Amino acid sequence: MNERGIKREGIWSKVGIPSSLKWGYLGMIIFMIGDGLEQGWLSPYLVEQGMSVTQSANLFAAYGLAVGIAAWISGVTAQIWGVRKTMWFGFMMFILASIPFVMFGVVQLNYPVMLITYVLRGFGYPLFAYSFVVWITYRAENKILARSVGWFWFVFTCGLNVIGPFYSSMMIPVIGHINILYTGILFAAIGAVLALVINKDEIILRNKNTNSMSSELLHGFLYMFKNPRIGIGAIVKIIGTLGQYGFAIFLPSYMVTYGYSTEEWLKIWSSIFAVNILSNILFGFIGDKLGWRKTIILFGSVGCALSTIALYIAPMIIGHHFFAMLFIACLFGFFLAGFVPITALIPSMAPPEDKGAAMSVHNLGSGLSVFVAPFIVSLLIEPFGVGIVIYTFAALYLLSGVLTTFLKTHEEMLESQQKIDQSISISK
């Protein structure tokens, strides 16, 4: 490699992006714009067109379940098929499901078609997106791995939760709801071309030559029991996003009692993720410098616990003070990013040949959090009220910090075993 090439590699490495995957990151953000542009408006639009609220809720629940399952299997399928094939499969499933979803489902308000095709669409995008995480964990050096996955969560969240919905808010008055959905297909196609065609990087995953997909999927599920630390890591991953998926259910109505309007709450909620996507990158750097476990414990666990309680107590003290609440909410978005290193830590706890299985457990944790948070809310909110839900979330955040102390990388475990063996040998 020439001198210019070395410098270029060094710049990308310093910011935390493997140079060979830069086009993949760009493709990911564009793909996720296509996937996320209906967020925030599709459900009310369908209700306005005559669908019942229950039907709309069931549609999105089924979609969420599909996302969770696909997120779980993505690590294993990437290990068996290869990352590129898995991402191509996810992209094709997304496209082939999106076209009938729009054309025959949404346009004609055909609920059975919408249900089937939206579920298939929900299977498609995690196979594309989360397989790229596997690619990153194999390609990035350990010293920049937390930064690399931090950049992944930046482009993922920025496309899905920020740019996609913002694009829709600007373009719906211009081209209408249906055409917006069609442009989403175009965004996804452009993203796939950048990530899989323009991006020339190749990796060969070291698998165990398993006989069948089902046996490897079973291995991926059972791996968390074979290696309990991986299972503990999945629990930490679930806890890390409790507020993200739980607060939106009950905090808006809680804020209303202190004079906050729906519009003010939406500004507060969107600001959380605006801060979070920037903090994801910052905590990638912090995690690589301070240490993955310390970052998760100090910022993710303790920070989220304290800011969660603050979100509950602050309105009682300050009443209706928008900018003060905005600041407190942004603190939660900031500390939420403290869990970013868990994506680097979980695969690093497995030997190289089991990274795919470890990532499937990680992704299972990502998917399950979508269901665990609403379940806790539904279980506690009616009999005990908002305060108990908040303190339960805060206690679980603190628990995640305790659990994180047990998470050690594969290399650390080998070193510990070597020290034990040496001690035994000396004592003899």
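The values are calculated or read from the model by the stated rules, or taken from the named source; none is laboratory data. Predicted, not measured: the structure shown is a model, and the values here were computed from it. Please note: Cβ atoms are built from the backbone with ideal geometry, for glycine as well, and neighbour counts cover all protein chains shown. Heads up: the accessible areas ignore ligands, DNA and RNA and are worked out on the full protein's heavy atoms, side chains in. Shrake-Rupley method; radii C 1.70, N 1.55, O 1.52, S 1.80 Å.
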Next item on the list: Provide the descending list of Cα extents for region 294-397 along its principal axes, expressed in whole angstroms.
Entry: 55, 29, 18
Note to self: Cα atoms only: what Rg and Dmax, in Å, come out for the chain?
What the structure shows: 21.9, 80
Check: Compactness ratio of region 254-336: Cα Rg over 2.2 N^0.38 Å, N = residue count?
Finding: 1.19
Checklist line | Gyration tensor (Cα) of region 102-156, equivalent ellipsoid semi-axes in angstrom | finding: 36, 10, 6
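At a Förster radius of 45 Å, what calculated FRET efficiency corresponds to the Cβ-Cβ distance of Ala189 and Leu298, to the nearest 0.05? Before the final figure, lay out each step's value.
Details: r = 42 Å, r/R0 = 0.93.
FRET efficiency, Ala189 to Leu298: 0.60.
Suppose the chain between Ala248 and Ala274 were pulled fully straight at 0.36 nm per residue; how much longer would it get relative to their current alpha carbon spacing? Intermediate values should be presented prior to the final figure.
Numbers: separation 26, 0.36 × 26 = 9.36 nm, distance 1.57 nm.
Taking Ala248 through Ala274 to full extension adds about 7.8 nm, to one decimal.
Rg/Rh for region 77-221 to two decimals, with Rh computed the Kirkwood way over all alpha-carbon pairs.
On the way: Rg = 17.4 Å, Rh = 17.0 Å.
That ratio equals 1.02.
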Notebook entry, point to check: Between Phe221 and Phe371, 0.36 nm times their residue separation minus their Cα-Cα distance comes to what?
Noted result: 52.2 nm
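Gain in length, Met92 to Leu109, computed as 0.36 nm per residue apart minus the alpha-carbon separation, to one decimal in nm?
Working: separation 17, 0.36 × 17 = 6.12 nm, distance 2.37 nm.
Gain on stretching Met92 to Leu109: 3.7 nm.
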Item checked: Alpha-carbon Debye profile of region 29-160, log10 I(q)/I(0) at 0.09, 0.18 Å⁻¹ -> -0.29, -0.97
Next item on the list: Pairs to check: Lys143/Lys408; Lys226/Lys355; Lys14/Lys294. Give those whose C-alpha atoms are more than 19 Å from each other in this structure.
Entry: Lys14/Lys294
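Considering only protein heavy atoms and a probe of 1.4 Å, how much of the accessible area of region 160-309 is carbon and sulfur, as a whole percent?
Numbers: 4890 of 7030 Å².
Using a 1.4 Å probe with all protein chains present, region 160-309 comes out at 69 percent carbon and sulfur.
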